[in-house]
Amino acid sequence: MTCSHHAVPFRMVGKNIWFGLSLRDKKKWDKCNKCKSNVPVIILRHKDVYCKECFLSGAAHKFKAFIGKNHLVKKNDFVLVCFRSGHSSVSLLHMLRSALDLQTPKKLKLRPIVIYIAKATCEPQFLKEIEDVVCSFNFPLYFISFNQYISNGQELDKVLFANFRQMLENYPQINSFKRTNNPTATQTLERIYEQQLLTEVAKHLNCSIVFVPDISLNVATNLLTSISLGRGAYLPLDTGICDTRDPQITIVRPLRHFDDKELAFYNVYNKLKLVVSPNEIKKFNNTSVQDLIDTFVSNLQLNYPATITTVVRTGDKLALDKTVLKSKACNLCKAPLLNNTSEELNSATATDFSRWISAQLQIFKKDESFNEFEIKQRELYCYACSKIIEFVEK
Amino acid sequence: MNSLQVNVEFGGGAELLFDNKKTVTISLPEKKEKWTIEHLLIWIKDNLLKERQEMFLQGNSVRPGILVLVNDTDWELMNTINYIIQPNDRILFISTLHGG
Ligand SMILES: [Zn+2]
Ligand SMILES: [Zn+2]
């Protein structure tokens with residue numbers, strides 16, 4: 001086996017060690033955990049076994065219960081559904097369609113509108129596949145290019161297309177999203193802008209909710225990334241059940257309690273056609289904080305899947321003080337600015353101080369006391385964004 | 001000579017490593033030992049997987065993130081690489097590493 005360049009998640013492999021499977025476990029797995037009669041076809045989190053019927057009905061139930069329990073949608077609301085390459089989006093569309101078509105009182109009542117954000121240069125064939133898949137579920141679909149939004153986002157009419165061919169015709173030749181020389185900052189900015197795009201398009205299309213197809217692994221990764229980037233105070237917004245930083249639009253991750261195996265099997269058993277972008281294979285590059293944490297979380301999932309569940313459930317429980325939401329928003333991430341009431345030197349103050357020092361070293365900067373400088377920073381950006389902005393300014 | 005016929009399928013983006021082929025019917029040559037998935041993986045490596053082997057294989061198994069189903073059942077319930085292949089088995093390799 002040749003050595004790969006990427007740090008790949010490890011797991012014990014060998015003839016007798018495989019997820020700790022032993023003959024004793026095998027016997028335990030004779031019958032489905034739920035109906036206690038059928039032969040199981042899937043094992044989840046290395047311990048729970050289900051037959052096909054119980055697995056599929058369990059998945060549908062988990063989805064509907066999440067939407068219902070959290071009172072996320074009002075009757076007949078328009079919901080903007082973000083479509084991505086891979087398993088999760090196709091599962092999400094199928095779960096939505098199945099719940100909408102129910103003939104029971106549990107029938108879901110909302111009106112999905114799907115959007116695909118083209119990030120890289122997209123082959124027409126790939127966009128056609130997306131169109132075919134979304135049409136097969138009978139949902140309206142829009143295309144938008146990320147670059148076009150960045151350069152011309154004020155006029156959504158001109159960058160939002162119901163037909164991918166029109167989008168390709170209007171495709172900008174230049175990449176208007178300026179990458180910083182810092183991969184962590186670049187990825188953070190991309191995430192912030194994508195979220196703004198979804199919020200703006202949702203308003204434009206009269207949606208009140210956005211569904212993002214993040215699964216447990218993404219939520220856990222985002223949660224740990226937020227902590228590492230000094231966004232701990234915003235965990236409830238960044239990774240909680242509802243992101244309510246915008247007063248009109250709520251962003252929800254309805255697949256947050258599913259893992260990739262569940263959704264892959266869900267798609268296989270429902271014979272769903274996937275759309276897979278050849279450019280988007282997971283590489284485990286480890287060049288940014290996000291990538292490092294992604295690798296770390298992927299390893300966790302492999303070896304200690306219960307830990308991921310615990311991280312996501314912890315994220316579920318976090319809530320932001322309601323009064324905080326009314327305060328002024330950060331210029332970049334739009335999260336409410338938190339007043340720094342403490343007199344102690346915290347890491348936000350420390351960062352401001354080092355920036356002030358370097359500003360003082362530039363002779364053309366006019367004198368400004370550290371206190372004034374800090375107040376100015378805190379009025380514009382949250383602590384994490386003030387660090388990101390540094391790379392943008394450069 | 002008695003060869004063992006199996007249907008190998010690729011999905012979730014794994015097909016991109018196999019000339020975009022989603023299904024291949026293969027005849028495994030007769031041999032003294034019984035054919036297990038571990039042997040099948042070596043056969044696939046030698047006969048179907050020309051490049052980027054590290055995207056599909058790791059050690060004597062598949063790379064983490066590639067799921068395997070034998071006749072629609074999770075191979076983790078079937079002893080994984082040690083499963084003894086039966087005639088006309090349908091073995092599906094599905095990637096979760098592509099996209100999203
Ligand atoms: Zn059952
Ligand atoms: Zn911010």
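The values are calculated or read from the model by the stated rules, or taken from the named source; none is laboratory data. On a predicted model such as this, the values are computed, not experimentally measured, just so you know. Please note: Cβ atoms are built from the backbone with ideal geometry, for glycine as well, and neighbour counts cover all protein chains shown.
Here's the yes/no breakdown for (1) over 12 Å from the mean Cα position of the chain (by Cα); (2) more than 26 Å from A:V297 (Cβ to Cβ); (3) within 14 Å of chain A (Cβ to nearest Cβ):
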| site | (1), (2), (3) |
| --- | --- |
| B:F18 | no, yes, yes |
| B:P29 | yes, yes, no |
| B:T36 | no, yes, yes |
| B:L40 | no, yes, no |
| B:W43 | no, yes, no |
| B:L49 | no, yes, yes |
| B:G65 | yes, no, yes |
| B:P87 | yes, yes, no |
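Per the listing A:L263, A:L274, the residue uniquely part of a loop (DSSP other than H, G, I, E, B) and more than 27 Å from A:D321 (Cα to Cα) is A:L274. Kindly evaluate A:K261 against the criterion of being more than 28 Å from A:C330 (Cα to Cα), surrounded by fewer than 17 Cβ atoms within 10 Å (Cβ to Cβ) and at pLDDT 90 or above. Here the answer is no, as A:K261 does not meet what is asked.
Taking first residues from the stretch A:41-58 that are under 14 Å from A:K31 (Cβ atoms) and partners that are outside any helix (DSSP H, G or I) and of a type in the set (F, W, Y), the Cβ contacts under 9 Å between residues at least 6 apart in sequence or on separate chains come to A:V41/A:Y50; A:I42/A:Y50; A:I43/A:F19; A:I43/A:W29; A:I43/A:Y50; A:V49/A:W29. Restricting the stretch A:291-313 to residues that are touching a residue at least 60 places away in the same chain (Cβ under 8 Å) and closer than 18 Å to A:G232 by Cβ, the residue that is nearest to ligand 1 (Cβ to nearest atom) is A:V312. Counted as qualifying within the stretch A:103-216 are the helices (runs of 4 or more DSSP H) with 1 or more residues that are assigned by TED's automatic domain parsing to the domain that holds A:I249 and more than 27 Å from A:C385 (Cα to Cα), namely A:124-136, A:156-159, A:164-169. Filtering the stretch A:140-154 for residues that are within 15 Å of the chain's Cα centre (by Cα), closer than 30 Å to A:K62 by Cα and surrounded by 16 or more Cβ atoms within 10 Å (Cβ to Cβ) leaves an empty set.
Can you tell me how many residues in the stretch A:211-236 are surrounded by fewer than 24 Cβ atoms within 10 Å (Cβ to Cβ), over 25 Å from A:N286 (Cβ atoms) and within 14 Å of the chain's Cα centre (by Cα)? Of the residues in that region, 1 qualify.
One residue stands out in the stretch B:67-85 among those that are in contact (Cβ under 8 Å) with a residue 24 or more places away in the chain and hydroxyl-bearing (S, T, Y): the one that is farthest from the other protein chains (Cβ to nearest Cβ), namely B:Y83. Within the stretch A:52-86, if we keep just the residues that are among the aliphatic types (A, V, I, L, M) and within 16 Å of ligand 1 (Cβ to nearest atom), the residue that is farthest from the chain's Cα centre (by Cα) turns out to be A:L56.
Scanning the stretch B:53-100 for residues that are of a type in the set (A, V, I, L, M, F, W, C), assigned to a strand (DSSP E or B) and within 17 Å of B:G11 (Cα to Cα) yields B:L57, B:V62, B:I66, B:L67, B:V68, B:L69, B:V70, B:I91, B:L92, B:F93, B:I94. Can you confirm whether the stretch A:173-181 contains a residue that is within 16 Å of ligand 2 (Cβ to nearest atom) and under 30 Å from A:L300 (Cβ atoms)? There is at least one residue in the stretch A:173-181 that is within 16 Å of ligand 2 (Cβ to nearest atom) and under 30 Å from A:L300 (Cβ atoms). Filter the stretch A:44-64 for residues that are at pLDDT 95 or above and of a type in the set (A, V, I, L, M, F, W, C); which is farthest from ligand 2 (Cβ to nearest atom)? So the residue we want is A:C51. Taken residue by residue, the stretch A:14-27 has no member that is at pLDDT 95 or above, facing chain B (nearest Cβ under 10 Å) and part of a loop (DSSP other than H, G, I, E, B).
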